[in-house]
1. Kindly list the number of the only condition in (1) open to solvent by less than 30 Å² (accessible area, probe 1.4 Å); (2) without any contact (Cβ under 8 Å) to a residue 40 or more places away in the chain that fails for Cys82.
2. Could you check the stretch 70-99 and list, in sequence order, the residues that are within 15 Å of Val32 (Cα to Cα) and either small (Gly, Ala, Ser) or within 16 Å of ligand 2 (Cβ to nearest atom) (or both)?
3. Taking the residues in the stretch 34-69 that are open to solvent by 50 Å² or more (accessible area, probe 1.4 Å) and away from ligand 2 (no atom under 16 Å from the Cβ) as candidates, determine which candidate is farthest from the chain's Cα centre (by Cα).
4. Considering each residue of the stretch 5-24, count those that are part of a strand (DSSP E or B), β-branched (Val, Ile, Thr) and touching a residue at least 40 places away in the same chain (Cβ under 8 Å), and give that number.
5. Please go through the stretch 36-56 and give me each residue that is in contact with an Asp or Glu (Cβ under 6 Å, 6 or more places away or on another chain) and either near ligand 1 (Cβ under 6 Å from one of its atoms) or in contact (Cβ under 8 Å) with a residue 60 or more places away in the chain (or both), ordered by number.
6. Return yes or no: is Leu217 within 16 Å of ligand 1 (Cβ to nearest atom) and closer than 17 Å to Gly90 by Cα?
7. What about Glu21, is it out of contact with any His (no Cβ under 8 Å at 6 or more places or on another chain), of a type in the set (D, E, K, R) and buried (at least 20 other Cβ atoms within 10 Å of the Cβ)?
8. Mind listing whichever residues of the stretch 180-209 are open to solvent by 70 Å² or more (accessible area, probe 1.4 Å) and away from ligand 2 (no atom under 16 Å from the Cβ)?
Amino acid sequence: MQTAVIACIDLRRSYQQGTEEIAVLRGVQLEVARGERLAIVGASGSGKSTLLNMLGGLDLPSGGRVLIQGQDINQLSERERCTLRNRQLGFVYQFHHLLREFSAEENVAMPLLIAGQERRAAQAEAGRLLDAVGLASRRRHRPSALSGGERQRVAIARALVMRPACVLLDEPTGNLDRQTAESIHSLMDQLNREFATSFVVVTHDPALAARMDRRLLLQDGLLQAQP
Ligand code: ADP
Ligand code: MG
């Protein structure tokens, strides 16, 4: 059997709130297969972002384990975790997190530069990805000169530029118009077919959830299958 791209074993995460301990994740079990597309739905405050951050090794479990490509993130140094994230994962956050002082193209090229790729090649590749998300004419724009939807597309291009094994998206198309959302969904489908990229997407968008291979509901700190 192939190693799951991401796996959680009895994953737990609590937050200390004054003297109280609030258990957000209470023993999540999950396996994301290579090439699988997964939607996670759930009420606001149910812990979706907490779970996604944990899947990406941005935050460490209070209990249980997270494996990324078979590697236990708790067993890695901070530096090894960063390298694993850079090589294997792409992130699209709820609020894009683009670097303000850099152009769209520089933002997209950043993961390649961090990975040690030469600047010209990195820029060319970033240009190709921006083209794919329909922003060829916005390469030199800084985030402040882009619309919300355009910024989100830059963030998506950046998440895809390393051809990661898995892309994690936190409500990526929530504030995009129908047409832009549709073009991003198509791009996801294309990458999934071409490179067997896995996707884990937290979403309120029923159209996006319906497109995924599997849907899970996060409720009371646990995941359950949805039709
Ligand atoms: P969702 O993304 O499903 O809306 P979150 O994962 O953001 O939910 O939050 C889940 C719960 O955990 C919420 O009750 C939130 O207040 C709490 N929480 C999230 N982050 C922290 C934190 N850093 N410190 C304390 N509580 C937190
Ligand atoms: Mg959230």
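The values are calculated or read from the model by the stated rules, or taken from the named source; none is laboratory data. These numbers come from a predicted model, not from an experiment. Virtual Cβ from ideal backbone geometry, glycine too; neighbours counted across all protein chains shown. When the accessible area is computed, the model is the full protein with side chains, heavy atoms only, and any ligands, DNA or RNA have been set aside. Shrake-Rupley method; radii C 1.70, N 1.55, O 1.52, S 1.80 Å.
1. The single condition Cys82 does not satisfy is (1).
2. Of everything in the stretch 70-99, those that are within 15 Å of Val32 (Cα to Cα) and either small (Gly, Ala, Ser) or within 16 Å of ligand 2 (Cβ to nearest atom) (or both) turn out to be Gly70, Gly90.
3. Ser62
4. 3
5. Going residue by residue through the stretch 36-56, those that are in contact with an Asp or Glu (Cβ under 6 Å, 6 or more places away or on another chain) are 36-37, 49, 52-53.
Of everything in the stretch 36-56, those that are in contact with an Asp or Glu (Cβ under 6 Å, 6 or more places away or on another chain) and either near ligand 1 (Cβ under 6 Å from one of its atoms) or in contact (Cβ under 8 Å) with a residue 60 or more places away in the chain (or both) turn out to be Glu36, Arg37, Ser49, Leu52.
6. Numbers: within 16 Å of ligand 1 (Cβ to nearest atom): yes; closer than 17 Å to Gly90 by Cα: no.
Considered against the rule, which asks whether it is within 16 Å of ligand 1 (Cβ to nearest atom) and closer than 17 Å to Gly90 by Cα, Leu217 comes out as no.
7. Working: out of contact with any His (no Cβ under 8 Å at 6 or more places or on another chain): yes; of a type in the set (D, E, K, R): yes; buried (at least 20 other Cβ atoms within 10 Å of the Cβ): no.
Spelling it out, it is not the case that Glu21 is out of contact with any His (no Cβ under 8 Å at 6 or more places or on another chain), of a type in the set (D, E, K, R) and buried (at least 20 other Cβ atoms within 10 Å of the Cβ).
8. Narrowing the stretch 180-209 to residues open to solvent by 70 Å² or more (accessible area, probe 1.4 Å): 182, 190, 193-195, 204, 206.
If the condition is that a residue be open to solvent by 70 Å² or more (accessible area, probe 1.4 Å) and away from ligand 2 (no atom under 16 Å from the Cβ), then Glu182, Gln190, Arg193, Glu194, Phe195, Pro206 are the ones that fit.
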